[in-house]
């Protein structure tokens with residue numbers, strides 16, 4: 001009798017584990033990355049024609065965190081290669097989430113908890129990633145590299161300016177090719193070692209965010225406890241990133257860190273790849289007009305996010321309204337798309353529906369020239385300048 005009970009218990013454990021591993025990853029993402037139900041967007045002939053000629057580019061997506069093949073169309077999330085092609089996206093920045101505290105609020109978080117570890121184990125990532133943030137970033141870059149190798153040229157891992165030019169040349173010939181560029185979502189992925197900047201560069205990372213939702217060894221996060229500026233380690237990290245030509249992202253850094261980086265960094269400062277505008281949504285996640293002006297003056301970009309915490313109204317019209325404000329404030333050459341797709345966000349359009357944003361920008365009164373710039377021209381110009389030769 002006892003033997004039968006033990007066998008039943010073991011069987012239940014095996015079945016429960018199997019179901020968790022098979023169903024769990026999809027359930028997890030479906031609960032976090034949503035496309036809010038909406039009617040089909042009406043796209044005018046003018047907007048459709050304009051969008052077909054754009055080289056769209058997005059500065060931030062967390063797609064590689066999730067358990068699905070980026071080459072296949074998925075019924076969950078916001079980004080995959082087929083949808084990038086439908087949206088006319090020439091360049092997609094893939095950011096690597098490696099740690100996220102349980103609170104995950106905009107005001108204040110500590111770094112003593114982590115939601116990502118459970119997701120890593122549930123999604124059957126290699127054991128080396130379970131206890132190392134560096135290995136989590138490295139693994140996501142390797143996932144993109146393998147996808148690019150299997151894509152028959154449809155997805156290109158962007159490491160150099162020449163890689164970008166090959167994408168643009170193919171698209172000029174009418175071939176649907178998308179370039180993927182790797183970024184870290186916070187330099188806690190360095191695991192406290194300056195040497196890992198070079199190591200991640202070798203893995204293909206060309207952009208690095210200094211912080212995410214908590215303070216780290218580099219200094220204060222916008223959502224951390226200290227609100228401090230760059231530490232000595234952070235100073236040395238920025239200098240090393242400058243030496244290698246790594247583009248620096250301060251989207252989640254404290255205002256003091258932003259000030260320090262603006263004073264220290266020589267080149268290149270990508271600025272704020274995914275954020276909202278404080279003047280429109282007054283909460284700690286968003287950027288002030290003053291910092292926007294200063295980042296623009298330093299040659300950086302401000303990427304506008306698509307979720308309600310960034311723009312309040314997350315419809316295409318609401319996102320376009322924020323973009324139009326930023327263009328008026330700092331000029332169209334410093335404004336970009338920073339969706340934060342697949343970043344535990346709920347949005348009103350996925351990347352396949354990007355023409356709805358083109359329509360909304362036309363409705364806001366932006367010119368074709370301004371729309372070309374913010375939809376991708378600025379990003380591609382910036383990458384052409386700062387990717388290594």
Which fully enclosed helices (runs of 4 or more DSSP H) of the stretch 299-389 have 2 or more residues being surrounded by fewer than 24 Cβ atoms within 10 Å (Cβ to Cβ) and out of contact with any strand residue (DSSP E or B) (no Cβ under 9 Å at 6 or more places or on another chain)? 316-330, 355-363, 368-372, 378-386
Suppose we filter 153, 234, 180 for residues that are in the same structural domain as residue 116 (by TED's automatic domain parsing), farther than 22 Å from residue 109 by Cβ, within 22 Å of the chain's Cα centre (by Cα) and at pLDDT 95 or above; which single one remains? 180
Test: residue 128 is within 18 Å of the chain's Cα centre (by Cα) and in the same structural domain as residue 219 (by TED's automatic domain parsing): no
Residue in the stretch 65-81 that is part of a helix (DSSP H, G or I) and touching a strand residue (DSSP E or B) at 6+ places or on another chain (Cβ under 7 Å) present: yes
As an exercise: evaluate residue 104 against (1) surrounded by fewer than 18 Cβ atoms within 10 Å (Cβ to Cβ); (2) not in a loop (DSSP other than H, G, I, E, B) and give the number of the one condition it does not meet. (2)
If you check every pair at least six apart or on different chains, which have Cβ atoms under 8 Å apart with a residue in the stretch 97-109 that is farther than 19 Å from residue 29 by Cβ first and a residue that is not in a loop (DSSP other than H, G, I, E, B) second? 106/309; 109/221
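Counting only residues that are part of a helix (DSSP H, G or I) and in contact with a helix residue (DSSP H, G or I) (Cβ under 7 Å, 6 or more places away or on another chain), which one in the stretch 139-161 is surrounded by the most Cβ atoms within 10 Å (Cβ to Cβ)?
Checking each candidate, the answer is 140.
The values are calculated or read from the model by the stated rules, or taken from the named source; none is laboratory data. No experiment lies behind these values; they were computed from the predicted model shown. All Cβ positions, even for glycine, are placed from backbone atoms using ideal geometry, and neighbour counts span all protein chains on display.
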